[in-house]
Amino acid sequence: MYNTITRTQVLTRSALFIAVTAVCSWISIPIPGTSVPINLATFAVILAGLMLGSRDGAIAMLVFLALGAIGVPVFHSFTGGMGIVFGPTGGFLIGYIALAFFAGLAAKKSNHPVRNYILFTVIGEVVLYALGSAWFIFQAGSNIQTALMACVVPFLPGDAVKMVLAYLVAGRLKKVIA
């Protein structure tokens, strides 16, 4: 059997991970005092990068963002539209592209897969937080301390758990999906 993936398989898998990201985005818990909800989207984004690779994972998240931008309700709480993309959480949505890209880099064969996963996924999370916080500062007219307390600190423990779960789930999925 050949170990190559056809373009049709890549498109099908990409569509699947776009759908998974949408479903994980819908599972949303609002945090009092902030406009950034807790959801499972970053889990799905990391998983997409791990399963699709850096390029295709990033492209899938770009398509996810485009679908939401044109109004398909794929974002948190069944929302969509340019108002969400340009709203307080827009920087995080754009950061999904970078997170999937860096998680995909971690998926490459390596002598140190766990170390690479931690390194690249943490870099992706830092880029996600930087884009999201910078946009939040711009959008809300706040300072960096307020942005960090509203957009980063409350999410660190949950995102650490999501990173571990995505790694474990991807390991299982790779055994099933050849």
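The values are calculated or read from the model by the stated rules, or taken from the named source; none is laboratory data. Please read these numbers as outputs of a predicted model, since none were measured by experiment. Keep in mind that these areas ignore ligands, DNA and RNA; they rest on the heavy atoms of the full protein, side chains included. Shrake-Rupley method; radii C 1.70, N 1.55, O 1.52, S 1.80 Å.
What the table below lists for this structure:
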| item | result |
| --- | --- |
| Where His76, His112 fall by accessible area, highest first, once all protein chains stay in place (1.4 Å) | His112, His76 |
| Helix-derived mean residue ellipticity, 222 nm - over the chain, DSSP H n ≥ 4, -39500 (n - 2.57), to 500 | -23500 deg cm²/dmol |
| The chain: radius of gyration over Cα atoms, expressed as a fraction of 2.2 N^0.38 Å | 1.00 |
| Accessible solvent surface per residue of segment 15-54, calculated while the other protein chains remain in place, 1.4 angstrom probe, Å² | 37 |
| List Arg172, Arg55, ordered by accessible area with a 1.4 Å probe, largest first | Arg172, Arg55 |
| Segment Val122-Val176, extension gain: residue separation times 0.36 nm, minus the distance between their alpha carbons | 16.8 nm |
